[in-house]
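Enquirer: Take a look at the following structure, please.
The values are calculated or read from the model by the stated rules, or taken from the named source; none is laboratory data. Keep in mind that what you see is a predicted model, and the values were worked out from it rather than measured. Quick reminder, even Gly has a Cβ in these numbers, built from the backbone with ideal geometry, and neighbours come from all protein chains shown. Heads up: the accessible areas ignore ligands, DNA and RNA and are worked out on the full protein's heavy atoms, side chains in. Shrake-Rupley method; radii C 1.70, N 1.55, O 1.52, S 1.80 Å.
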Amino acid sequence: MNFSRPVSSIVFFVSLVSLIRAGEMPTLESRDKEQVHLFLLAGQSNMSGRGRVEPADKKIHPRVFALSKDSRWVPAAAPIHYDKKRAGVGLGKSFAIQLVEENPNIVIGLIPAACGGSSISSWAPGRYHSPTRSYPFDDAMQRIRRAEQDGTLKGILWHQGESDSNPEAVVTYAQNLRNLVLRFREDLNAANVPFIIGQLGQFAGNPWDDSKKRLNEAHLLISHEIPLVGYVSSNGLTGRDKLHFDSASLREFGRRYASVYLKLIEQDMDQHSEKSEADKTFSN
């Protein structure tokens with residue numbers, strides 16, 4: 001009988017409680033709301049994460065938190081998602097660590113909302129996704145609003161498309177994704193919240209067919225068409241199977257998401273600065 005996983009979980013829990021009692025692990029709620037940057041993790045299984053959990057994935061970063069299934073802020077440790085029993089290492093934690101290391105003044109609150117196997121059509125108001133017994137869009141909105149009690153939404157990370165990589169669904173995929181980006185922004189009253197799209201896996205032994213190529217074109221189109229939408233390459237990343245990224249690749253993918261996010265923010269700031277200078281020149 002293998003007791004390794006339960007014992008590991010007990011050790012993790014005891015260590016965490018000890019840190020909190022010793023005052024070495026500040027809670028997210030103790031931070032100023034403006035310092036707490038929130039990120040929604042949305043899409044299907046590769047955003048949820050199916051990577052094998054290793055000891056490093058249980059290591060706590062004092063400024064990276066995740067909203068638990070029962071809507072409490074807890075230190076982020078894999079698995080962050082809970083959509084299916086297979087949930088494992090995802091890209092959210094490495095994304096968050098990259099950001100807090102770039103900016104020592106912020107805390108990250110991750111909002112897990114991905115649903116394994118969900119198609120883009122599942123991500124609409126009122127739509128039920130039976131495999132995860134959830135309403136993907138409605139549940140994500142509810143969790144965002146809970147999280148916003150303690151922080152400010154700074155971005156939406158999206159990885160999805162495997163379920164729509166077929167001749168029928170891919171025809172309307174671009175329009176559905178366009179609608180989703182605009183719906184999130186409108187319903188959240190967050191017109192400028194960045195939306196980051198990750199490329200589908202490019203795994204050996206599972207070459208892309210025409211549907212996957214068209215879906216990738218849709219991702220690229222939306223990233224060029226809508227302001228503050230970024231696209232993250234999956235070049236060189238490897239799979240645990242023919243569908244899911246492995247743990248090392250998901251950690252790297254998260255860092256790539258962070259790099260794209262930071263570049264997007266920098267470009268937006270530069271554009272605003274240029275506009276401000278132009279307005280001053282015009283007014284003078």
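Enquirer: Quick one: net charge of Lys33's neighbours, Cβ under 10 Å, K/R +1, D/E -1?
Expert: Working: positive: Arg31; negative: Glu29, Asp32, Glu34, Glu148, Asp150.
Surrounding charge for Lys33 is -4.
Enquirer: So what's the back-of-envelope 222 nm ellipticity for the chain, counting only DSSP H runs of four-plus at -39500 (n - 2.57) apiece and dividing by all residues, rounded to 500? Write down the numbers at each step before the final one.
Expert: Numbers: 7 runs with 113 residues, N = 284.
Mean residue ellipticity at 222 nm (helix-derived): -13000 deg cm²/dmol.
Enquirer: Per residue of the range 33-48, in order, report the coupling 6.51 cos²θ - 1.76 cosθ + 1.60 (Karplus, θ = phi - 60°) as ³J(HN,Hα) in whole Hz, putting x for Gly and Pro.
Expert: Each residue's phi maps through the Karplus curve to give 4, 6, 7, 8, 9, 9, 9, 7, 9, 10, x, 10, 4, 6, 7, 4 Hz.
Enquirer: Then there is this: In the chain, how many lysine pairs have Cα atoms under 23 Å apart, counting only pairs 8 or more places apart or on different chains?
Expert: Lysine pair count for the chain: 26.
Enquirer: Taking only protein heavy atoms into account and a 1.4 Å probe, give the accessible area per residue of the chain in Å².
Expert: On the way: 14260 Å² over 284 residues.
With the other protein chains kept in place, the chain gives 50 Å² per residue.
Enquirer: Another question, if that's okay. Give me, ordered by chain and number, the residues 5 or more places off Ser134 or on other chains with an amide H under 5 Å from its own placed amide H.
Expert: Amide H neighbours of Ser134, under 5 Å, 5+ apart: His129.
Enquirer: To continue, here is another question. Using a 1.4 angstrom probe on the protein heavy atoms only, line up Lys154, Lys93 by accessible area, largest first.
Expert: Details: Lys154 65, Lys93 30 Å².
Per-residue accessible area, sorted high to low, gives Lys154, Lys93.
Enquirer: Sort the following peptides by mean Cβ neighbour count (other Cβ atoms within 10 Å, averaged over residues), highest first: 251-257, 234-240, 109-115, 58-64.
Expert: On the way: 251-257: 22.7, 234-240: 15.4, 109-115: 26.3, 58-64: 17.4.
For the peptides 251-257, 234-240, 109-115, 58-64, the packing ranking is 109-115, 251-257, 58-64, 234-240.
Enquirer: Would you please put 116-128, 216-228 in order of how densely packed they are, using the mean number of other Cβ atoms within 10 angstrom per residue and starting with the highest? Walk me through the numbers before you get to the answer.
Expert: On the way: 116-128: 17.9, 216-228: 16.4.
Highest to lowest by the protection proxy: 116-128, 216-228.
Enquirer: Checking the a/c ratio against 1.5 first, then a/b against b/c, what shape does the Cα gyration tensor give for the chain?
Expert: Working: a/c = 1.65, a/b = 1.10, b/c = 1.50.
Oblate shape, in that a/c is at least 1.5 and b/c is the bigger or equal ratio.
Enquirer: Okay, next question. Compute the distance from the alpha-carbon center of the range 170-187 to that of the range 82-152, in whole Å.
Expert: Comparing the Cα centres of the range 170-187 and the range 82-152, I get a distance of 17 Å.
Enquirer: What percent antiparallel are the DSSP beta bridges of the chain, to the nearest 5?
Expert: Details: 6 of 29 bridges.
Within the chain, antiparallel bridges account for around 20 percent of the total.
Enquirer: Okay, next question. Using amide H atoms built in the peptide plane, which far-off residues or other-chain residues are under 5 Å from Ala124 H to H?
Expert: Phe137
Enquirer: Can you tell me how the range 66-158 classifies by the Cα gyration tensor, rounded, prolate or oblate, using a/c under 1.5 as the rounded cut? The partial results should precede the final answer.
Expert: Values: a/c = 1.98, a/b = 1.58, b/c = 1.26.
Since a/c reaches 1.5 and a/b is larger than b/c, the shape of the range 66-158 is classed as prolate.
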